[in-house]
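Taken together, the values in this text are just the output of simple stated rules run on the coordinates, not laboratory data. In this text the structure is predicted, and so the values were computed from the model without any measurement. Cβ placement follows ideal geometry from the backbone for every residue including glycine, while neighbour counts extend to all protein chains displayed.
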Amino acid sequence: MSTSNTAPIRALRANFLRRPGPAVLSATLLTIALVGSGCGSSAKSQPGATSTGTPVHGTLSGRSEHTARTRPTPTPPAELTRFESRVALAAGTFHRYVYTPFKTRDLQNKAAMTKAGGAAAASFEDVLQAKQSATGGTAVRSLFASLASLSATLNQIGIRLHAGHADPPDIESANAAIAGLERDAAAANVKITERMPASFPATAPGYRGGSEH
């Protein structure tokens with residue numbers, strides 16, 4: 001075969017050899033796939049990145065803000081002391097001058113009921129003062145619902161005793177409310193030790209109940 005006749009064949013052969021064969025193409029595609037997979041994995045492994053590789057901002061700060069909002073706030077010592085003292089006085093006054101005479105059946109006349117009514121009114125005022133004296137701590141604020149229920153019951157007892165009526169369900173309810181309050185206080189690390197007033201708490205004969213001022 002002449003040189004002129006074989007030149008085209010040689011050219012085609014050379015072009016064929018320069019083309020990547022199936023093995024070369026497979027290796028190339030595999031390399032591209034691995035590189036692409038590596039890039040995707042690195043994007044996903046970056047902290048704060050989404051599946052698209054976009055960083056997420058605000059997630060950690062949002063959690064920090066939530067934690068700050070829910071973190072318990074300690075009650076200032078002076079406020080806590082006033083709170084404990086007022087609740088202790090309210091409970092002690094009620095038990096000494098209302099609940100004990102009720103259980104011993106000594107609330108049988110108008111004078112005895114008036115005296116007990118004055119004690120119930122004084123306990124009511126102490127509960128209100130306790131709530132007003134300590135509003136800066138989480139532990140104390142957690143007891144406010146119990147205080148509100150107790151104050152309403154004490155107020156009602158005072159009104160009825162001054163009118164000459166001793167209502168057993170109300171008196172027992174106040175006693176149970178005080179016991180529940182003391183349990184809740186202990187769970188919140190608030191110490192309530194009942195104490196008696198220095199002198200008998202007197203109220204005006206025309207007492208018609210108090211209000212949460």
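Some notes on this structure:
- 20 Å cut-off, amide nitrogen to a point 7 angstrom out along GLU172 Cα→Cβ, residues in segment 91-107: 94-107
- Per the Cα gyration tensor, segment 71-111 maps to an equivalent ellipsoid with semi-axes of 35, 9, 6 Å, ordered largest to smallest.
- Local net charge near GLU182, Cβ-Cβ under 14 Å (Lys/Arg +1, Asp/Glu -1): +1
- Residues LEU143, LEU154, LEU80, LEU161 arranged by fewest to most Cβ contacts within 10 Å: LEU80, LEU143, LEU161, LEU154
- Taking the number of Cβ atoms within 10 Å of each Cβ as an exposure proxy, the fewest-first ranking of SER133, SER199, SER142 is SER199, SER142, SER133.
- Average projection area in nm² (convex hull over Cα atoms of segment 130-178, one quarter of hull surface): 3.6
- One way to sum up the overall shape of segment 77-208 is the equivalent ellipsoid from its Cα gyration tensor, whose semi-axes run 26, 14, 12 Å, largest first.
- Residue order, fewest to most beta carbons within 10 Å, for ARG195, ARG160: ARG195, ARG160
- In order along segment 108-118, phi translates into HN-Hα couplings of 10, 9, 4, 5, 5, 5, 5, 4, 5, x, x Hz, rounded to whole numbers, per the Karplus curve 6.51 cos²θ - 1.76 cosθ + 1.60 with θ = phi - 60° and x for Gly and Pro.
- Local net charge near ALA166, Cβ-Cβ under 14 Å (Lys/Arg +1, Asp/Glu -1): +1
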